[in-house]
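Asks: This is the structure I want to talk about, given as structure tokens.
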Amino acid sequence: MEKYVKHAGEVQAFLAKQHGNAFDASSSLLISDLYSASLLVRHDIEKELLMKHKLSWTAMLMMYTLWVWGPSETRIIAQRLQLAPSSVTSLTNTLEKKGLVFRSYKPLDRRLVLVNLADTGVDLLKVLSKEVNEREQVHTSKLTKEEVDVFNRLLHKLLSK
């Protein structure tokens, strides 16, 4: 960690030198560290949990979205996951082949396709959600419960519009 902090300090100093006093190095470091932390956790969960089920992070998020919000149109899933609708269609095809999701049609407008979580998908998510939470706890174990709560409040504040 010491090497990282030194490196981060060097980057901050370099960027401040390039941009002068108007450059907020602390904000830059915060965003960079959030990105690095999220990648670290994502890669760990993919490697330790999802690979054995041949699932990607995005596939798990899509299934989780369907689990929480129920059957959804492709465009709604795309909005929630910030993906292109074509990516959701491709992911739906992959998950459908695995028997984890299926398509249905809206009764009043059969042009609108709904993606549904299959029972096998629900069963898998029940197991995965517990396993993922165990990995999340590993990654947050250096923080106290109070620190986690404060961090969550601050992140929600950053994400609010």
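The values are calculated or read from the model by the stated rules, or taken from the named source; none is laboratory data. Just so we're clear, the structure is a prediction, and the values are computed from it rather than from any experiment. Positions of Cβ are generated from backbone atoms using ideal geometry, with glycine treated the same way; all protein chains shown enter the neighbour counts. Ligands, DNA and RNA are excluded from the accessible area calculation, which covers all protein heavy atoms including side chains. Shrake-Rupley method; radii C 1.70, N 1.55, O 1.52, S 1.80 Å.
Asks: Quote the Stokes-Einstein diffusion coefficient, in whole µm² s⁻¹, for the stretch 68-161, based on the Kirkwood radius over alpha carbon pairs, a temperature of 10 °C and a viscosity of 1.306 mPa s. Walk me through the numbers before you get to the answer.
Replies: Numbers: Rh = 15.9 Å.
Value of D from the Cα-based Kirkwood radius: 100 µm²/s.
Asks: Roll a 1.4 angstrom probe over the protein heavy atoms and tell me the percent of accessible area of the chain that is carbon or sulfur. Display every interim value, and only then the final one.
Replies: Values: 6760 of 11590 Å².
Carbon and sulfur: 58 percent of the exposed surface of the chain.
Asks: Can you tally the net charge around L114? Count Lys and Arg as +1, Asp and Glu as -1, for every other residue whose Cβ sits under 9 Å from the Cβ of L114. Don't skip to the end; give the middle numbers.
Replies: On the way: positive: R103, K106; negative: E73.
For residues surrounding L114, the net value is +1.
Asks: Related question: Between beta-carbons, use under 13 Å as the cut-off and find the net charge around F102, counting Lys and Arg +1, Asp and Glu -1.
Replies: Numbers: positive: K97, K98, R103; negative: E96, D119.
Once all neighbours under 13 Å are counted, the net charge is +1.
Asks: Let me check I've understood the local charge: for P85, count other residues with C-beta under 11 angstrom from its C-beta, Lys and Arg +1, Asp and Glu -1. What total comes out? Could you put the intermediate results ahead of the total?
Replies: Values: positive: R75; negative: E73.
Cβ neighbours under 11 Å give a net charge of 0.
Asks: Ignoring ligands, DNA and RNA, what accessible area per residue does the stretch 26-161 give at 1.4 Å, in Å²? List each step's numbers first, then the result.
Replies: Working: 9340 Å² over 136 residues.
That works out to 69 Å² per residue.
Asks: Also: What ranking do 63-72, 35-44, 50-59 get when scored by the average of other Cβ atoms within 10 Å per residue, highest first? Don't skip to the end; give the middle numbers.
Replies: Numbers: 63-72: 16.8, 35-44: 11.9, 50-59: 14.4.
So the order, starting with the most tightly packed, is 63-72, 50-59, 35-44.
Asks: To the nearest 10 degrees, how steep is helix 85-97 against the longest Cα principal axis of the chain, on a 0 to 90 scale?
Replies: Relative to the chain, helix 85-97 is tipped by roughly 60 degrees.
Asks: What is the pair-distance distribution P(r) of the stretch 1-113, computed from all Cα-Cα distances in 10 Å bins starting at 0, with each bin given as a whole percent?
Replies: Each 10 Å bin holds this share of Cα pairs: 12, 30, 22, 18, 14, 5, 0.
Asks: Another question, then. List the pairs from K126/K157; K106/K126; K52/K98; K54/K130; K52/K97 whose alpha-carbon separation is above 21 Å, in the order I gave them.
Replies: Distance filter (> 21 Å) returns K126/K157; K106/K126.
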